[in-house]
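Read the structure below first, then the notes.
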Amino acid sequence: MFRYRHWHFIALIFIIILNTPGGPLSDSALGGPPRILIRDVALILTMDPNLGEGELGVIEGGDILLAGDTIAAVGKNLQGSGARIVNATGKIVMPGFVDTHNHLWQSLIRGCGTGYDTNGWLDACVFPLFDPQIAPSCAETYAGVRLSTLDLINTGVTTVVDWSHGITAEFVRGDIQALNESGLRFVFAYYGSDNPAVIDDMRLVKQTLIDPNPLATFQVASHPGMEPWFLPSLQAMSDLAKELNMKLHVHLLENITQRDDQPIEALKMVSALGPNLLCAHSIHLTDKEIAILADKDVRIAHNPLSNMRLASGIIRLPDIEQAGVQVGLGLDGGTNDTNDFFNTMRIAVGLQRAVSLQADVYPTVTDVLRMATLGGAEVLDMNDQIGSLTPGKKADLIILDPGDVNFAPRFDWISQIVFNGQPANVEWVFVDGHPLKAKDRFVGVKPAVIVQAAEKAANRIRQDLQGLDHYFGADILCGFLFSGI
Ligand SMILES: [Zn+2]
């Protein structure tokens, strides 16, 4: 009896080893982290000048070895015995995109108010939803955010900053649950106020829902203005961001009418100007204001697709870059026609060419590829972890297929990423060493189920919006916010 049990135990061990991914000699069977070798890549954009040619650190022909959540090695003829092999013959590998400003719930209002500018769109599609009677529920918010996360994975975004409007406590829970389930690396920017109940909830959310997830980070969101309905909350949020040592994330001069709010003066008054301040849009800046932002090392999230769609204006990107302000790219939620990061890069380049009549104006192709990856990571102060394929950093990367009809043939692949790339070219997406998209398909999710849930939520919201006989204005929004969550 004892002998039988002994034999049975040994056989079981063999079965376990033989069934381990990577075969009997895989690292995980030997106790190391599981390894993945991305082999025979035609072109690698490492974004690390120490690893390859030029500012983008380009390597023609090479391999990338992942060990667990980390990039272990990048170079030619890497040995990965026992590693799972991903054949990347003829493919391009680069870091995943870093989306520095988005509102993921807004996929629920896609197509809403497309004929309006920023203020009209907010009045028609966003502010009415701050009424608790028609605010997105936990499940509805979850559905919208989950849909957006799939859209982001599809286009190759691996880190997203979700500026959440924090409409209700339930809204926040649905938002974060979807993010936590997505597999994406994310930053949750919670829009709060000076209401003590809101501040308590922000602390609770950070401690219980964000901190336990190693892929998640917290930010404090607010709106800058000198008016008495903005300033106390801005002060409270600036103080909270400092106490938590997290970034304060605001919309700055997106629409020309926001000049009336005196936002720079307000940010100065609450002592928020500094490297922990992230400003979305920042379109209508004066020379003096650009100099202030540069002097204080304030960061900017540039949202060119949204700025076009909402008739917001064109950011003074060459002047901002010249002054030394760090800028990342962002998709900015439902204000976009798409969540397509290739479109965002194209438009960031194209808008400046169109307005300056110069084809070599900042940002160039090289500039925008860096801005979309390492530049975004620097803006978020996450560049020690992500943004380049430097060994030791997190394994967040994408594999592009340049053989598709929209991308081939090869002339200058680096330029073609910007001018020809589409989400359909993104064949694999890895975050923290885990594939979220593999061979053009989402891993572990059924998109149809998520689309169906979002459809149901959006249908309810659309009907409620259309049932309103008037739209609320910005002053009403503040009333809702300060009434507590
Ligand atoms: Zn925004």
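Here, each number is a calculation from the coordinates, and none is a lab measurement. Just so it is clear, the model here is predicted, and its values are computed rather than measured. Every residue, glycine as well, gets a Cβ built from its backbone with ideal geometry; the counts of neighbours run over all protein chains shown.
Once you reduce segment 406-451 and segment 142-176 to the center of their Cα atoms, the two points are 19 Å from each other.
Only Cα pairs under 8 Å and 6+ residues apart enter the sum, and on that basis the relative contact order of segment 97-386 stands at 20 percent. Helices meeting the span-like rule in the chain (full DSSP H runs, Cα extent of at least 27 Å along the helix axis, mean Kyte-Doolittle score of -0.5 or higher): 447-467. Taking only the Cα atoms of the chain, the ratio Rg/Rh comes out at 1.00, with Rh defined as the Kirkwood radius. Pairs of alpha carbons in segment 120-193 separated by more than 15 Å make up 55% of all such pairs. Neighbour counting of Cβ atoms within 10 Å sorts the residues Ser107, Ser306, Ser415, fewest neighbours leading, into Ser415, Ser107, Ser306. Among Tyr190, Tyr362, sorting on how many other beta-carbon atoms sit within 10 Å of each Cβ, with the fewest leading, yields Tyr362, Tyr190. Of all DSSP beta bridges confined to the chain, the antiparallel ones make up roughly 45%.
Taking 0.36 nm per residue of sequence separation and removing the Cα-Cα distance, the Asp287/Thr70 pair yields an extension gain of 73.9 nm.
A straight line joining the Cα centroids of segment 195-239 and segment 264-310 runs 19 Å. Across segment 97-386, Cα-Cα pairs more than 31 Å apart make up 20 percent of the total. Once you list every other residue whose beta carbon is under 11 Å from the beta carbon of Ile134, what net charge do they have if Lys and Arg are +1 and Asp and Glu are -1? Every neighbour counted, the sum reads -1. Taken over segment 121-261, the percentage of Cα pairs per 10 Å bin, counting from 0 up to the bin with the maximum distance, is 11, 40, 37, 12, 0. Take the Cα of Ile414, step 7 Å toward its Cβ, do the same at Gln452, and the gap between the two points is 4.7 nm.
Computed over the chain, the per-residue total of -39500 (n - 2.57) for DSSP H runs of n ≥ 4 gives a 222 nm mean residue ellipticity of -10500 deg cm²/dmol, rounded to 500. Counting neighbouring Cβ atoms within 10 Å and putting the fewest first, the residues Met237, Met202 line up as Met202, Met237.
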